[in-house]
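The values are calculated or read from the model by the stated rules, or taken from the named source; none is laboratory data. This structure is a prediction, so every number in the text was calculated from the model and none was measured. Note: ideal-geometry Cβ built from the backbone for every residue, glycine included; neighbour counts use all protein chains shown. These accessible areas exclude ligands, DNA and RNA; they are computed on the full protein's heavy atoms, side chains included. Shrake-Rupley method; radii C 1.70, N 1.55, O 1.52, S 1.80 Å.
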Amino acid sequence: MRGDWGLSQWLLTFFVYGFLGWVWESCFVSIRSRKWVNRGFLSGPLLPIYGFGAVIILLLTLPVRSSIPLIYLVGMAGATVLEYVTGAAMERLFHMRYWDYSQKPLNLNGHICLGCSLGWGVFSVLLVEVLHPPVERLISALPELPAEILSAVLLVAATVDVTRSVQAAFHLRQTLERLAENNVLLERVQNALSEASASAAARSAALRQRLEELEAQLREKRETLSRPVQAGRGRAAWEETAEELRRRRLQLLDALEEKAALLQESGQRRWEELRQAQERLAELRAEASQRRAKELKGLAAMLRRNPSAASQEHRRELDQMRNILSRKKKKEE
């Protein structure tokens, strides 16, 4: 393995192994899915993590080239650190995990796991001992000027692809955040309506109970009036009962007025929340209608390339997005 290569040779090495990694991952995922899957974060035939991994492993193992156990350990450590840093950085930027080992044993925050790290060690040995010697001879055989031109062209193409893919990833993050806001708004309105319904039912039950009590009292007073009374006391009893009835009616009217005011206030608050929800939904519809079909296709392509992508923060919204795109695809078919 050459230790005197220039930048163009190492760039070509990066692109060779990034392409081979894309071939491996795409074929593996396609066989499991039983359909072709253009695997990876980028839209082009390149998986940068394999390219960076290969370059890092080759550079780190230069001093231990003669020892296979050291190649295994050094390569495993270097690739594992790279995978963890890359996964954590992408999740922080895009709120998405484009690979997730959370369900695998002995994983660390879902970014790395023991099984994959051991696999990186095997890959390191295969890379240094089997794959790289012919690749090294091929790249070393290229004249300096063609190597520089080819590496520059590939670098420009990869830069354009990375720029577009990063934009698509940020757009996916924004879409998930809008869905999350919409879900929170709808849940708040639904809870408000449920509370209003429960409160109205409780108030209706209280009013009904109060009316029943008043009716019982009125019946009792009528029965009292209907009984024979002693001379001279009948009118006094009637006046006393009439005054009691008037007082009861006033109490009932006051209670009804108070309940009506509370219901009106609660209704105005619920109506305002409903109005805000309707405005937000109208904004979402406007955004959806203005969004270009190309952007939707970009989101669909990003999710198809990463079928195992996950998001702890927006798990429900990611499922909703996949369902939306799935229904859209079925309608187009």
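What the phi angles of segment 34-43 give under the Karplus curve with 6.51, -1.76 and 1.60, with θ = phi - 60°, is a coupling list of 6, 7, 5, 10, 7, 6, x, 6, 8, 7 Hz, glycine and proline written as x. If the label point is 7 Å along Cα→Cβ of L142, which residues in segment 37-66 have backbone nitrogen under 20 Å from it? The answer is 44-59.
Here segment 32-96 has 69 percent of its accessible surface on carbon and sulfur atoms, given a 1.4 Å probe and all protein chains in place. When each of the peptides 63-71, 34-42 is scored by how many other beta carbons lie within 10 Å of its residues on average, the order from highest to lowest is 34-42, 63-71. Solvent exposure of segment 16-105 amounts to 53 Å² per residue of accessible area, where only protein heavy atoms count and the probe is 1.4 Å.
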